[in-house]
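Only one structure is covered here, and it is reproduced in the block below.
The values are calculated or read from the model by the stated rules, or taken from the named source; none is laboratory data. Computed from a predicted structure; not experimentally measured. Cβ sites come from the backbone with ideal geometry, for glycine too, and all protein chains shown count toward neighbours.
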Amino acid sequence: MLLVAYLLIAAAFGFAISIGAHYTGACMGMPYAAGAIRPVPALLLMAPLALVGAVFASGAVESTVGHGILGSAPVALALALAIVLAAVILTSAYNFLTLPTSTIQILVFSAVGAGLGAGVAIQWATIESLLVLWAIAPFVAFGLGFLLTRAVDRLRPPVATSARPKLLPQYAVLGLVGVGSAASFAMGANDVSNASGAFIMTGLFGLMVAGLVGGVGLALGVLTWGRPLLRTVAFDIVALDARTATISQLSQSAVILVSVGFGFFTSMNQALVGAMIGTGVARRQTTKLRRSVRNILVGWALGPVSGAAVGFLFAVSFHAAGWL
């Protein structure tokens, strides 16, 4: 099964590259869009921070993915390959179709579907905990965004203006770059296990090496494919200024890092959208709010169902081919 091991490493590393590129907008899109940092410095800052987060802060989440979803340990290499391939294919397809889904939710339910297809026990308690977290995380981010915006606006009322200033104050630049950096670190800790958790499932690598391999992939994705995706932050939800952009990104990072600290991972994009909506409601700006909430709900439905279905099909196919 040496070939399967090589295929798994290649697929997981490629998935990590795709994830790194995909989340440039969620991490550094706001500082860039607000004029606090230019694209190349943004990517050069994000890449090493994502790598550091993946290596040094992802262990608890890696353990959850590696040991907390499927009941048997270690998992067969072919089964792990089925999970990663299902997640890669679906994530790529939804990105191409611009459908709102969560890479994390796709990965977890690809594991569930593959486990069912291979007759492996599923640790449903972990799945239930993740479902609860995914349901409440955007609302927690919403609450943080709302409360922080109201508090800061009360201390220092915003100045009404019809045009964004050409030059941001230094404190605004530092704030935006700071929260973008925090989000980059959080992304590495939160999302690397989507790709490298399969290494833990199979016992192929330990926690640190798995985080390193996946983190290098994340960094490469940021540096190679990240620039075109840096522009894709959903600024059409509300009219964000430097203050609300900073609060939104700070709220997102707080939700993600607290989740990671408890060994769970949740959607970067859904947390960011929730925070952005919270800042908008605090300012009584609800432009396209209904569409944004609908998109989150569509993502919750599409990712798990399709992940489970494709993971199941891959596992059954690999079993029929004699790999499982």
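Exactly one residue out of 16, 33 is of a type outside the set (Asp, Glu), within 27 Å of residue 75 (Cβ to Cβ) and in contact with a helix residue (DSSP H, G or I) (Cβ under 8 Å, 6 or more places away or on another chain): that is 16.
Checking 191, 153 one by one, the residue that is in a helix (DSSP H, G or I), charged (D, E, K, R) and either within 16 Å of residue 268 (Cβ to Cβ) or without any contact (Cβ under 8 Å) to a residue 40 or more places away in the chain (or both) is 191 and no other.
For region 261-270, the tally of residues that are surrounded by 24 or more Cβ atoms within 10 Å (Cβ to Cβ) and of a type in the set (A, V, I, L, M, F, W, C) stands at 2. Does residue 74 satisfy the condition of being at pLDDT below 95, under 22 Å from residue 324 (Cα atoms) and either surrounded by fewer than 24 Cβ atoms within 10 Å (Cβ to Cβ) or of a type in the set (A, V, I, L, M, F, W, C) (or both)? Here the answer is yes, as residue 74 does meet what is asked.
For region 149-175, taking the residues that are surrounded by 10 or more Cβ atoms within 10 Å (Cβ to Cβ) and of a type in the set (Lys, Arg), the one that is modelled with the highest pLDDT is identified as 150. Restricting the first member to region 20-42 and to residues that are under 10 Å from residue 183 (Cβ atoms) and modelled with pLDDT under 90, and the second to residues that are assigned to a helix (DSSP H, G or I) and among the small types (Gly, Ala, Ser), the beta-carbon pairs closer than 6 Å and six or more apart or on different chains are 30/245. Would region 193-203 turn up any residue that is of a type outside the set (A, V, I, L, M, F, W, C) and loosely packed, with under 14 Cβ neighbours inside 10 Å? Yes, region 193-203 has at least one match.
Would region 200-216 turn up any residue that is in a helix (DSSP H, G or I) and in contact with a His (Cβ under 9 Å, 6 or more places away or on another chain)?
Yes: region 200-216 contains one or more residues that are in a helix (DSSP H, G or I) and in contact with a His (Cβ under 9 Å, 6 or more places away or on another chain).
Only one of the listed residues (60, 82, 78, 10) is in a helix (DSSP H, G or I) and within 18 Å of the chain's Cα centre (by Cα). That residue is 60.
For every residue, the table says whether it meets (1) among the basic types (Lys, Arg); (2) surrounded by fewer than 16 Cβ atoms within 10 Å (Cβ to Cβ); (3) out of contact with any helix residue (DSSP H, G or I) (no Cβ under 9 Å at 6 or more places or on another chain).
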site	(1), (2), (3)
51	no, no, no
68	no, no, no
97	no, yes, yes
116	no, no, no
119	no, yes, no
139	no, yes, no
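Per this entry, residue 93 is counted among residues that are modelled with pLDDT under 95 and surrounded by fewer than 24 Cβ atoms within 10 Å (Cβ to Cβ).
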